[in-house]
Amino acid sequence: MDRQGAMGPKTCAVCTEPANQRCGGCHVIYYCCRDHQRLDWKGHRSRCKPFKVADNKALGRHLIATRDIKVGEVILDEQPLVAGPSQVTPPVCLGCYRILTEQSACACLDCGWPMCSEDCARTPAHRAECDITKLKKGSKVTVRNFLQPHPIYQCVTTLRCLYLRDSDPVKWERLQSLESHCEERKKTRRYEDDRVTVAQFLRHFFHLQDFEQEEILRVCGILQVNGHEVPVTDPPHVAVYDQASLLEHSCRPNCSKSFTPDGGLIIHALEPILKGQHLSICYTDALWGTANRRHHLAETKFFWCRCVRCADPTEFGTYFSAVRCLSKTCDGYLVPENSLLEDSDLGTTIWRCGRCSVSETAPRVLSVLERVGSALSSMQKGDPRVCEHFLAQFSPELHPNHYYLTDVRLALAQLYGQTSDVGLVGISDQDLSEKASLCRQVLELMNTLVPAEHRVRGVLMFELHAAVAEVARRASNRGQLDPMALRDSLLESKRLLTEASFLLSHEPETLPEGKIALQARKNLTDLNTLLQNIHASIGDSPL
Ligand SMILES: C[S@@+](CC[C@H](N)C(=O)[O-])C[C@H]1O[C@@H](n2cnc3c(N)ncnc32)[C@H](O)[C@@H]1O
């Protein structure tokens, strides 16, 4: 254990003599000399993190920076405490989570669970259900239907958690220390479903009677509150991480999460974090509107978010959830007077126009949102013209930054160029300029709303770098751009590419964003060569 009083005279973590040399990694532990720091490093290393755990009534446990953290710093890098298939899934291999078919599945010789190979049947991940099937259930599992979600998989990840009690008591203890919101969950449909499909099923079908029903349901709660969807497998699986489970939520977080190819989690800082600030990630989709984000968090994580973004009805002046004033003669926007209401009050919220001060009842505003929302869900995906039509049709009813319009703009910014065989080269000047403009609009919005979001911003910067370079190439071919102006455009493209590459640097190559990061690195090499040639031709020095 690290021994260090937060207050009072600093003492050496090794000999307890007075000490004034602080560990540069965590700024928490002190040593009297370099030798003692070196001596302690083996033990301290795994705990040397730039944060400490704090606790309060509003948040429960949460993490606070113990020193200033720079942009790009990795704050946490950890393997899961436990991982397993999603609760609702068609049969997947319990080693690598790949979808199985009747043809590709081969039953584990010991327990009968379908796997993709003997190698996967031998992975440590599969030990839990294999041992419990053999030793407790006493007969093999048979799965015949591979075409739809199979009910037996609903219990696997919970079973893997329970198995830790006897196989790895240290991990079991860590898991048990996590929040489960059992009392709040008791009022939900999901609790009742878990009681029948997980707790009763494990106790009766797998004969896990040495676990009480309540104990199993507590694990279900821990999985619900702390589980992360891990997208590195197809389909994604779920995992719970130890220290990352203590990160609080904010709709304007200062940290971002990425996954490693083997299902590890990396938490990195994407804006400077000062000593004493809380570390946060966004538990929900940061590009949902305030009411939807808050409702989702209340339903799944059992708290009503009161972060700076939720508390501001204009969402930092972006009007991301604002609707055009319903008065025909006014071109102002309606925002809720109080954006921190809870479900039962939402229907009575007053929406007020910032320009004419007219107030509207919630049902009148919600009917606009429902109409646009259902048009969006039924919209044919993947066609730029359909997206353009949606934007033209609904822009008069919403603020230009509204989340529904932003959602479509984001899709459209990527679609231009995707539908042509030759990519951006094959699209019209107008579409090309529209692509660049959409990327800029959404990026500007995101810089204000969620500057620490890295995935969408990285992808948009990549799209924009390509559009900027293509605009420059066309203008230069038409003799409309002198070499200096061409160089400046390409330098702008390079700046965007460098930023995209940085933002996506932790994305694994198995994911689309990781592939873009790889492409970004290749494009940077090509762009540097091109820029060097231009520099040589105009006789200036490379920048
Ligand atoms: C993944 S856990 C975080 C660790 C938890 N605070 C603990 O003590 O174990 C998620 C839970 O933390 C609390 N929480 C996280 N962020 C919060 C926030 N912004 N406001 C209120 N509660 C929050 C909620 O109870 C939520 O269900």
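Readers should treat all values here as calculations from the given coordinates under stated rules, not as data from a laboratory. These numbers come from a predicted model, not from an experiment. Cβ atoms come from the backbone with ideal geometry, glycine included; neighbour counts cover every protein chain shown.
Quick notes on this structure:
- Residues ARG457, ARG189 arranged by fewest to most Cβ contacts within 10 Å: ARG189, ARG457
- Distance distribution note for the stretch 305-415: the fraction of Cα pairs above 20 angstrom is 43%.
- Angle between the chain longest axis and helix 512-538 axis [Cα atoms, degrees, rounded to 10]: 40
- Annotation: extensible slack from HIS207 through ALA375 equals 55.6 nm (criterion: 0.36 nm per residue apart, minus Cα-Cα distance).
- Rounded FRET efficiency, nearest 0.05, which uses the C-beta distance separating ILE538 from LEU109 and R0 of 51 Å: 0.15
- For the chain, with +1 on Lys and Arg beta carbons and -1 on Asp and Glu, the positive-most of THR284, LEU247, PRO236 along the dipole: LEU247
- Placing +1 on the Cβ of every Lys and Arg and -1 on the Cβ of every Asp and Glu, with no other charges, gives the stretch 82-240 a dipole of roughly 240 debye about its Cα centre.
- Charge context of CYS310, other residues only, Cβ under 11 angstrom, K/R +1, D/E -1: +3
- Computed magnitude of the charge dipole of the stretch 187-240 (debye, nearest 20; Cβ of K, R +1, Cβ of D, E -1): 180
- Using 0.36 nm per residue and subtracting the Cα-Cα separation, the extra length available between ASN145 and VAL74 on full extension is 21.2 nm.
- Between GLU337 and ARG306, the simple spin-label model (points 7 angstrom out along Cα→Cβ) gives 2.0 nm.
- Straight-line cross-link partners of LYS42 among the aspartates and glutamates, defined as a Cα under 14 Å from its Cα and at least 8 positions apart when in the same chain: ASP2.
- Ratio of Rg to Rh over the chain (Cα coordinates, Kirkwood Rh, two decimals): 1.01
- The stretch 255-324 versus the stretch 55-91: alpha-carbon centroid distance in Å: 14
- Förster-model FRET efficiency, 56 Å R0, ASN56 and ARG521, C-beta, rounded to 0.05: 0.85
- Note on LYS381: aspartates and glutamates with a C-alpha under 14 Å away, same-chain residues under 8 apart excluded, are ASP407.
- Of the residues MET379, MET115, MET484, MET446, the one with the fewest other Cβ atoms within 10 Å heads the list, and the complete ranking is MET484, MET379, MET446, MET115.
- Extending 7 Å from Cα along the Cβ direction at VAL358 and again at ASP482 yields two label points whose distance is 5.4 nm.
- Over 20 Å (Cα to Cα) - which of LYS49/LYS275; LYS57/LYS301; LYS137/LYS187 fall in this group: LYS137/LYS187
- In the chain, the DSSP-assigned H stretches of four residues or longer account for a calculated mean residue ellipticity at 222 nm of -12500 deg cm²/dmol, using -39500 (n - 2.57) per stretch and the full residue count as denominator.
- Degrees separating the helix 290-301 axis from the principal Cα axis of the chain, which is the longest one: 10
- Angle between the chain longest axis and helix 483-503 axis [Cα atoms, degrees, rounded to 10]: 20
- For the chain, size of Cβ-based charge dipole, Lys and Arg +1, Asp and Glu -1, in debye: 760
- Dipole axis of the chain (+1 Lys, Arg; -1 Asp, Glu on Cβ), positive-most option in VAL156, PRO272, SER367: PRO272
- Sequence-distant lysines (8 or more away, or on other chains) whose Cα lies within less than 28 Å of LYS522: LYS70, LYS257, LYS435, LYS494
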